[in-house]
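Read through the structure below, which is laid out as structure tokens, and then see the notes.
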Amino acid sequence: GVLQKLKYVSDEWLKDNKRDELYFSQGIFDFESLKVTPILTVENEEEQVVAFVNIMPDYCPESGTYDLIRKTNLAPNGSLDFLMVSMFEYFKTKNIRYVNLGLATLSGIEKGENFTEKTMKFAYENIRSFSHYKGLRDYKEKFGPDWKNKFLIFDNNYDLLQIPSAISKVTKE
């Protein structure tokens, strides 16, 4: 019954955020995967799960990560922060020293070096369809991460302008 409770939370989260599952940059709700991962939950007085995070194996020594972190409208304010801190404490009991918070797509352009990079930076900061990337970066920022840039190699500036479309395509089923 726990997985059905988690499925309800996940479905409500997707609906409320007007999202589909993102199959590339984040995990998907998968019963088989969730059966074998530790899951931390927030429950209300009626034992209804209102938020959860599942912990995934990370193949870097002394490092841990998570896959899904989701909540319902019934979750108390701060529930996701509570889950993150609980996850950090869980990792500490397992002698895990580092936590991989995952990607913050398009957020690493500090200062555009050319027109294309300036365009990408502007899109990330100002265009609504990119706002979830900015919101995700802002959320993760509160935990004081040590950000590591990941780079793309491209032949010409036009290729870089196609990145948002490519990201959209690979994150859909």
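The values are calculated or read from the model by the stated rules, or taken from the named source; none is laboratory data. Treat the numbers as computed from the prediction; the structure is a model and nothing was measured. Don't worry about glycine lacking a Cβ; one is built from the backbone with ideal geometry, like all the others, and counts go over all protein chains shown. For the accessible areas, the whole protein counts, side chains as well, though only heavy atoms, and no ligand, DNA or RNA atoms are used. Shrake-Rupley method; radii C 1.70, N 1.55, O 1.52, S 1.80 Å.
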Leaving out ligands, DNA and RNA, what percent of the accessible area of the range 5-154 is carbon and sulfur, probe 1.4 Å? 54
Distance-filtered residues of the range 66-93 - backbone nitrogen under 16 Å, label point 7 angstrom along residue 138 Cα→Cβ: 78, 81
Evaluate the relative contact order of the range 1-125 (contact order divided by residue number), counting alpha-carbon pairs under 8 angstrom at least 6 apart; express in whole percent. 20
If I stretch the segment between residue 100 and residue 43 completely, what's the gain in nm (0.36 nm per residue apart, minus their alpha carbon distance), one decimal? 18.0 nm
Taking only protein heavy atoms and a 1.4 Å probe, the highest-to-lowest accessible-area order of 147, 13 is 147, 13
Accessible area expressed per residue, the range 1-140, with surrounding protein chains retained (probe 1.4 Å, Å²): 61
What is the extension gain from residue 58 to residue 154, computed as 0.36 nm multiplied by their sequence separation minus the C-alpha to C-alpha distance, in nm to one decimal? 31.7 nm
Descending accessible area (1.4 Å probe), largest on the left, turns 49, 85 into 85, 49
